[in-house]
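Taken together, the values in this text are just the output of simple stated rules run on the coordinates, not laboratory data. This one's a predicted model, so the numbers in the text were calculated from it and none came from an experiment. Backbone-built Cβ (ideal geometry, glycine too); neighbour counts: all protein chains shown.
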Amino acid sequence: MMAELQSSKPCDDKLAFDTKEAAEGAATYAKFKHGTKLGVYKCGHCSLWHLTSV
Ligand SMILES: [Zn+2]
């Protein structure tokens, strides 16, 4: 049942963060580590925060 719930979300394969701060922290880390500029957004499917390319 858990698996069914999780797989029902289109964002299932994305990293998810509980807070905006956590997502921004990960985005900052990715920028330093990989030089990748990422933005954050609150997901309408899971109500968590994801990273997105900008
Ligand atoms: Zn989501």
> If the cut-off is a Cα-Cα distance under 17 Å, which lysines reach Lys14, setting aside same-chain residues fewer than 8 apart in sequence?
Replying inline: Lys37, Lys42
> For the charge dipole of the chain, defined by +1 on Lys and Arg C-beta atoms and -1 on Asp and Glu C-beta atoms about the Cα centroid, which residue among His45, Ala26, Cys11 has the Cα displaced farthest towards the positive pole?
Replying inline: Ala26
> How big is D for the chain, in µm² s⁻¹ as a whole number, if Stokes-Einstein is applied with the Kirkwood radius of its Cα pairs at 37 °C and 0.692 mPa s?
Replying inline: 281 µm²/s
>> Given Cβ point charges of +1 (Lys, Arg) and -1 (Asp, Glu) and nothing else, what value in debye, to the nearest 20, does the dipole of the chain about its Cα centre take?
In response: 280 debye
